[in-house]
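Below you'll find the structure, written out as C-alpha cells, and then a few comments.
The values are calculated or read from the model by the stated rules, or taken from the named source; none is laboratory data. All values reported here derive from a predicted model rather than from experimental measurement. Using ideal geometry, Cβ is built from the backbone for each residue, glycine included, and neighbour counts are taken over all protein chains shown.
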Amino acid sequence: MKSFSNFLTLAVPAAAILACALPVSATVVAIGKFQSKEAAITAKGGFEIREEKGAFRLVIGGDFVVSEGPDLYFTFNPLPASQVTGSNAKTYALRIDPKVAALSGAQSYDLPSGFDASKYGSLLVHCWQFNHLYAVAAVEKPAASALRMPSAAYALRAPGRDGGRFWSTRGTGRSEARDLRGAVRGSGNASVP
C-alpha cells in the first residue's frame, strides 16, 4: 500500500506560526540580565525563573555569555546586585548544582522545592574555588504580560521533518499529533520543544 503522508504541501505564513504557540502552564516569577563585575570579564544575557505545578526552574537565555573560569556556579544571593562582592557572594547564598553547564547559550537548572525568588536580590555567576565574582544580575519581578501564556494556545508546525503535523491540546492538557488533514497520528503529554 502506497503512503500519501507527504502529498500535500502547505505554505503557512510565519505570523500564523507565531500566533499559535504551544500551551505553556509555567509562570515566570522572576527575570534578570547579567552584567560583568570587572572590565576583564565578559558577561551578558538574561534569565527567567519559572514555576510549574510547584516546581521551580532557572532558565538561562540563549543570549548568555560569560568568560571562562574554574568552578563556576549560578548562585542566588539575598543582597541587591549593586551590593554583592566576591567576599560576600557566599553569605546566605544558594548555590545551584551542577556547575555552569556552558559558557554560552541556553541552559536550565532545577531549583530546590520550596524555592522563593522573593528572598533573593541577585543571581550570580561565581567561582566557588577562588571566591571570585564573574557576573551579577538583579532578580526582578516580570511585567504582568510576561507572567503566563494563554491557556488556549495551539502550536502549528510547518511541514518538515514531522510530516506537517501540528500539536493541539484542545483544552485537555493532553496533546495529539495530527496530520494536515486532521487525522490523529499519536498522542502524549504536551511539552515545549
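Just checking, which of A93, A81 is free of Cβ contacts under 8 Å to residues at least 40 places away in the same chain, over 23 Å from T27 (Cα atoms) and assigned by TED's automatic domain parsing to the domain that holds E51? So that I can check it myself, show each step before the final result.
On the way: A81 fails: free of Cβ contacts under 8 Å to residues at least 40 places away in the same chain.
The match here is A93.
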| message | Quick check on the range 96-146: of everything there that is within 19 Å of G61 (Cα to Cα) and of a type in the set (S, T, Y), which residue is nearest to the chain's Cα centre (by Cα)? | response | S108
| query | Only one of (1) assigned to a strand (DSSP E or B); (2) crowded, with 17+ Cβ neighbours inside 10 Å fails for A89. Which number is that? | reply | (1)
